[in-house]
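Each value in this text was obtained by applying a stated rule to the coordinates, not by laboratory testing. None of the values given here were measured: they were computed from a predicted structure. Cβ placement follows ideal geometry from the backbone for every residue including glycine, while neighbour counts extend to all protein chains displayed.
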C-alpha cells in the first residue's frame, strides 16, 4: 500500500495545474500550511487475489481545506486532483496499479471556509 500511496502523492505534487491551485500537498497532517492545502490521509488496504495473482485494494482518503466562500474554487481543485490521478503511471516496479477510481466525496461549508473529503480506491497486483 505504501507504493500506491507514494505514487498517488507524487502524481499530485508533480501536477503543475493542481499545484497552482493549492499551497501544499502534504503526506499526513501539514506542519505549516495556509489554506488551500490538500492532505493525504491514512490509507486502508485489503488483500485480494486470484489464481497466481496477489493483489491489494487501497482506499486513499484526501482532504482539502480552503478558506473563503468560493465553491467554484473547490470544484476546480477537485477536478485537478481527478485529472492528476487519471494520468498516474500504474507501473510501480513490484506492483502495478490495475485500476484507480474516485469512490466518494463529502463537501462541507464551515465558518472559515470549505472542507472536502474525497476517497479514491486503487487496485494493484504484484508484478511478476
Exercise for the section: Any residue in the range 83-104 that's assigned to a helix (DSSP H, G or I): show its pairings with residues that are buried (at least 16 other Cβ atoms within 10 Å of the Cβ) at Cβ separation under 7 Å, as long as the two are six or more apart or on different chains. Expected result: 84/11; 84/12; 84/15; 84/18; 85/8; 85/11; 85/100; 85/120
Completion exercise
residue 87: passes all of (1) in contact with a strand residue (DSSP E or B) (Cβ under 6 Å, 6 or more places away or on another chain); (2) farther than 17 Å from residue 61 by Cα but (1)
Handout entry: Among (1) surrounded by 18 or more Cβ atoms within 10 Å (Cβ to Cβ); (2) touching a helix residue (DSSP H, G or I) at 6+ places or on another chain (Cβ under 7 Å), the one test that residue 78 misses
Key = (2)
